[in-house]
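Just below is one structure, and these are the notes that go with it.
Each value in this text was obtained by applying a stated rule to the coordinates, not by laboratory testing. These numbers were taken from a predicted model, which means no experiment stands behind them. Ideal geometry is used to build each Cβ from the backbone, glycine not excepted, and the neighbour counts take in all protein chains shown.
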Ligand SMILES: [Cu+2]
């Protein structure tokens, strides 16, 4: 919800900035007729910036709705998985994990339904990277002490998925991994 309000606030501020921009440009047009106004290289830069803004605007409008944040904003997950990273392993559970006595469970997730991982760390920064059975990275999020990062994803294919740490976290980093099953 907050994201939506921020987007509207951003659009309003961007609109105001555009109006000011156009006003300055038009008044420099007028100055030109009076012998002042923008110098040539400045005018070129203006057009370049304007085209850049329009192109980026079109790109953002076309791609932002497809980002997971917008796509899943109003959906609730079929399953929530808690993930606690710790040197040098991952704890995964369907229940909240006790940091003093972390316990892992075997995880089975439904295919074609959105699941949410709530990812945090019990010590240093780690990365929570999910790989498919062919070891292609499909999605990832940071595991940070003091923060819970939510990663929402819909698995299309059943199979075994692997989790690797994506942030160098110490000597045992290369062996920091786990896996779960999608049915
Ligand atoms: Cu690591």
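With neighbours defined as other Cβ atoms within 10 Å of a residue's Cβ, the residues 28, 133, 121, 67 order from fewest to most as 67, 133, 28, 121. Per-residue Cβ neighbour counts within 10 Å put 30, 150, 118 in the sequence 30, 150, 118, beginning with the fewest. Taking the convex hull of the alpha carbon positions in the range 33-112 and averaging its projected area over all directions gives 11.8 nm².
Can you give me the convex hull volume of the Cα atoms of the range 2-66, divided per residue and expressed in Å³?
Enclosed volume per residue, from the Cα hull, is 72 Å³.
For the pair residue 73 and residue 100, label points projected 7 Å from Cα toward Cβ lie 4.1 nm apart. For the range 106-145, the Cα-based Rg and Dmax, in that order, read 11.9, 33 Å.
Angle of helix 40-63 to the longest C-alpha principal axis of the chain, folded into 0 to 90 degrees and rounded to 10: 40°.
The reciprocal of the average 1/r between distinct C-alpha atoms defines the Kirkwood hydrodynamic radius, which for the range 79-182 equals 13.5 Å. Paramagnetic label reach from residue 133 (point 7 Å along Cα→Cβ; backbone nitrogen cut-off under 19 Å): within the range 65-109, residues 107-109.
Given the DSSP H assignment, sum -39500 (n - 2.57) over each helix run of at least 4 residues in the chain and divide by its residue total; what's the result at 222 nm in deg cm²/dmol, nearest 500?
The helix contribution divided over the chain gives -11500 deg cm²/dmol.
Short-range pairs are left out: with C-alpha atoms under 8 Å and at least six residues apart, the relative contact order of the range 101-182 is 35 percent. Please determine, in degrees from 0 to 90 and to the nearest 10, the orientation of helix 2-33 with respect to the longest principal axis defined by the Cα atoms of the chain, where the helix direction is its Cα long axis. The angle comes out near 20 degrees. Look at 84, 98, 123 and count the other Cβ atoms within 10 Å of each Cβ; fewest to most, that gives 98, 123, 84. Rg and Dmax of the chain, both derived from C-alpha coordinates alone, stand at 24.2, 78 Å.
Normalised by the number of residues in the chain, the mean separation of alpha-carbon contacts (under 8 Å, six or more apart) gives a relative contact order of 17 percent.
Please find the FRET efficiency linking residue 29 to residue 150, where r is the Cβ-Cβ separation and R0 is fixed at 45 Å, and quote it to the nearest 0.05. Result of the calculation: an efficiency of 0.35.
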